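**Student:** Quick one: the structure is below, questions incoming.
The values are calculated or read from the model by the stated rules, or taken from the named source; none is laboratory data. Small disclaimer: the values here were computed from a predicted structure and weren't measured. No Cβ is skipped: glycine too gets one built from the backbone with ideal geometry, and neighbour counts run over all protein chains shown.
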Amino acid sequence: MPADLGCRIVALPQVASRLDANYEKAKQEYARHVPSILGDDQTIVDGLRTNGVFVTSLERLNIPGTEYFLEKADALERQHLPLQRSVQAGADAIMAHPEIYRWGLHGRLLDIAENYLGVPVGYDGINIFFTMADGRETGVRLWHRDSEDRQMLKIAVYIHDVDEGNGPFQVLQRRIPNYDRLASGRFPVLTQRQLEGVLPDFDMVRDVITCIGKRGTVVFSDTASFYHRGMPAITRDRYAIFFNYMGRVPLRPFRCERTMISRAQVHQLAKELPARQRDCVLWRNALPLVARILPPAPTYGST
């Protein structure tokens, strides 16, 4: 309920217009501070601006520490297998493998995020999903849009090979009539059948980008601007890690912090980070006082 109250407040016309004006001003003022990027990184940003999604690989990114990151991800899977029915790794598992959390704070990834978002970046942590091959349409396997900010960036890393049978990430390329601009941010959540109902000429091949790939595939996506889902897994389980980025002063901060770790644990992880990374992690420090009052919405329950 507090998060719903916050949504209603920021949707009030007089509040929304002021917030939008401040946001545009912040983007204009920050434009000269956005870090320069070249080559593959610029291609990623261009792909996001065109399609809302870009698929590459850990090998192509070649970020230092990636092999160690994958070793820790494999160790986490071995630890989690006996608890496979709990579909998201919990706080203890994340805190036991801080290298996974910190991988998402590499400077190149932050540079890509800032170039796409156009404002200082807030790092909203990670979600580690073990998607069961049960075929269910539930949670984030439904078509939805994230509402934390006007634009967002999520980076998914596949720890297993992913094909159409074990839950690839999917992005809808079409706009849904009357759903594109809802000031409250409460975009309807849709099953596949409901999506086909609101888009009568829907065609999966034409209208959806399905992100399949080998272990180490990396998917950059704007989950606030585009409807997306994790396709229900049928043949095999899927294991993937999602890294979450938004503006450092997001539109709806009370819809952020939807990972499994507490604020105290976030501060613990931030202690030994360089200044830039620490500021990204402790993004709440940049919020106006009134925005810190409302508690966050509940964490994700399933994938």
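**Student:** Which residues, counting only those in the stretch 18-29, are more than 15 Å from P250 (Cα to Cα) and of a type outside the set (D, E, K, R)? Spell out how you get there, then give the answer.
**Tutor:** Initial filter on the stretch 18-29 (more than 15 Å from P250 (Cα to Cα)): 28-29.
Matches in the stretch 18-29: Q28 only.
**Student:** Could you say which residue among R102, R145 is modelled with pLDDT of 90 or more and under 23 Å from A224 (Cβ atoms)? I'd like the intermediate steps shown before the answer.
**Tutor:** On the way: R102 fails: under 23 Å from A224 (Cβ atoms).
Only one candidate qualifies: R145.
**Student:** Looking only at residues that are among the β-branched types (V, I, T) and within 25 Å of R215 (Cβ to Cβ) in the stretch 235-286, which one is modelled with the lowest pLDDT? Don't jump to the end; show me each part of the working.
**Tutor:** Just the residues of the stretch 235-286 that are among the β-branched types (V, I, T), to begin with: 235, 241, 249, 259, 261, 266, 281.
Now narrow it down to the ones that are within 25 Å of R215 (Cβ to Cβ): 235, 241, 259.
Values: T235: 93, I241: 96, T259: 90.
Once the filter is applied, the top-ranked residue is T259.
**Student:** Counting only residues that are touching a residue at least 40 places away in the same chain (Cβ under 8 Å) and over 18 Å from the mean Cα position of the chain (by Cα), which one in the stretch 161-178 is surrounded by the most Cβ atoms within 10 Å (Cβ to Cβ)? Spell out how you get there, then give the answer.
**Tutor:** Quick first cut of the stretch 161-178, residues touching a residue at least 40 places away in the same chain (Cβ under 8 Å) only: 161-173, 176.
Cutting the leftovers down to over 18 Å from the mean Cα position of the chain (by Cα) gives us 161-166, 176.
Working: D161: 14, V162: 28, D163: 15, E164: 13, G165: 15, N166: 22, I176: 17.
This residue is V162.
**Student:** hydroxyl-bearing (S, T, Y), crowded, with 22+ Cβ neighbours inside 10 Å, under 22 Å from F129 (Cβ atoms) and in contact (Cβ under 8 Å) with a residue 12 or more places away in the chain: is that true of T259 in this structure? So that I can check it myself, show each step before the final result.
**Tutor:** Working: hydroxyl-bearing (S, T, Y): yes; crowded, with 22+ Cβ neighbours inside 10 Å: yes; under 22 Å from F129 (Cβ atoms): yes; in contact (Cβ under 8 Å) with a residue 12 or more places away in the chain: yes.
Considered against the rule, which asks whether it is hydroxyl-bearing (S, T, Y), crowded, with 22+ Cβ neighbours inside 10 Å, under 22 Å from F129 (Cβ atoms) and in contact (Cβ under 8 Å) with a residue 12 or more places away in the chain, T259 comes out as yes.
**Student:** OK, next. Would you call V266 surrounded by 19 or more Cβ atoms within 10 Å (Cβ to Cβ), touching a residue at least 12 places away in the same chain (Cβ under 8 Å), outside any helix (DSSP H, G or I) and β-branched (V, I, T)? Don't jump to the end; show me each part of the working.
**Tutor:** Numbers: surrounded by 19 or more Cβ atoms within 10 Å (Cβ to Cβ): yes; touching a residue at least 12 places away in the same chain (Cβ under 8 Å): yes; outside any helix (DSSP H, G or I): no; β-branched (V, I, T): yes.
Answer is no for this residue.
**Student:** For the list (1) assigned to a helix (DSSP H, G or I); (2) buried (at least 18 other Cβ atoms within 10 Å of the Cβ); (3) not hydrophobic (A, V, I, L, M, F, W, C), I need the number of the one condition that D92 fails.
**Tutor:** (2)
**Student:** Right, here's the next one. If I filter the stretch 214-229 for residues that are in a loop (DSSP other than H, G, I, E, B) and at positive phi, do I get at least one hit? Write out each step before concluding.
**Tutor:** From the stretch 214-229, those in a loop (DSSP other than H, G, I, E, B) are 214-216, 222-227; that's our starting set.
After this cut, where a residue has to be at positive phi as well, the list is 216.
Checked the stretch 214-229: at least one residue is in a loop (DSSP other than H, G, I, E, B) and at positive phi.
**Student:** So D124 clears everything in (1) closer than 19 Å to L58 by Cα; (2) assigned to a strand (DSSP E or B) except one condition, right? Which one?
**Tutor:** In the conditions (1) closer than 19 Å to L58 by Cα; (2) assigned to a strand (DSSP E or B), D124 misses (1) alone.
**Student:** Still on this structure: Do we have any residue at all in the stretch 28-43 that's closer than 30 Å to G213 by Cα, β-branched (V, I, T) and either outside any helix (DSSP H, G or I) or modelled with pLDDT of 95 or more (or both)?
**Tutor:** The first filter runs over the stretch 28-43 and keeps only residues closer than 30 Å to G213 by Cα, leaving 35-43.
If we keep only those that are β-branched (V, I, T) as well, we get 37, 43.
Imposing the further condition that a residue be either outside any helix (DSSP H, G or I) or modelled with pLDDT of 95 or more (or both) reduces the set to 37, 43.
Within the stretch 28-43, one or more residues are closer than 30 Å to G213 by Cα, β-branched (V, I, T) and either outside any helix (DSSP H, G or I) or modelled with pLDDT of 95 or more (or both).
**Student:** Go through R236, R284, R292 for me and flag whichever is within 25 Å of A96 (Cα to Cα), of a type in the set (K, R) and out of contact with any strand residue (DSSP E or B) (no Cβ under 7 Å at 6 or more places or on another chain).
**Tutor:** Values: R236 fails: within 25 Å of A96 (Cα to Cα); R292 fails: within 25 Å of A96 (Cα to Cα).
After ruling out the rest, the residue left standing is R284.
**Student:** If a residue has to be free of Cβ contacts under 8 Å to residues at least 12 places away in the same chain and within 28 Å of R8 (Cα to Cα) to count, how many in the stretch 273-287 make the cut?
**Tutor:** Filtering the stretch 273-287 down to residues free of Cβ contacts under 8 Å to residues at least 12 places away in the same chain leaves 274-275, 278, 285.
Those still in the list that are within 28 Å of R8 (Cα to Cα) too: 285.
Here the count works out to 1.
**Student:** Out of all the residues in the stretch 51-87, which are under 26 Å from Q151 (Cβ atoms), among the hydroxyl-bearing types (S, T, Y) and either modelled with pLDDT under 95 or in contact with a Gly (Cβ under 8 Å, 6 or more places away or on another chain) (or both)?
**Tutor:** Within the stretch 51-87, S57 is the sole residue that qualifies.
**Student:** Something else: Looking for whichever is closer than 27 Å to N62 by Cα, surrounded by fewer than 18 Cβ atoms within 10 Å (Cβ to Cβ) and either of a type in the set (A, V, I, L, M) or in contact with a helix residue (DSSP H, G or I) (Cβ under 7 Å, 6 or more places away or on another chain) (or both) here; the options are R292, R215, R248, R278. Which one fits? Working first, answer last.
**Tutor:** Working: R292 fails: closer than 27 Å to N62 by Cα; R215 fails: either of a type in the set (A, V, I, L, M) or in contact with a helix residue (DSSP H, G or I) (Cβ under 7 Å, 6 or more places away or on another chain) (or both); R248 fails: surrounded by fewer than 18 Cβ atoms within 10 Å (Cβ to Cβ).
Within the list R292, R215, R248, R278, the selection yields R278.
**Student:** Taking A133 as the residue in question, decide whether it is assigned to a helix (DSSP H, G or I), among the small types (G, A, S) and either crowded, with 19+ Cβ neighbours inside 10 Å or in contact (Cβ under 8 Å) with a residue 12 or more places away in the chain (or both). Steps first, please.
**Tutor:** Working: assigned to a helix (DSSP H, G or I): no; among the small types (G, A, S): yes; either crowded, with 19+ Cβ neighbours inside 10 Å or in contact (Cβ under 8 Å) with a residue 12 or more places away in the chain (or both): yes.
Here the answer is no, as A133 does not meet what is asked.
**Student:** Sticking with this one: Can we say A240 is part of a loop (DSSP other than H, G, I, E, B), under 30 Å from E59 (Cβ atoms) and among the hydrophobic types (A, V, I, L, M, F, W, C)?
**Tutor:** Numbers: part of a loop (DSSP other than H, G, I, E, B): no; under 30 Å from E59 (Cβ atoms): yes; among the hydrophobic types (A, V, I, L, M, F, W, C): yes.
Judged against the criteria, A240 is not a match.
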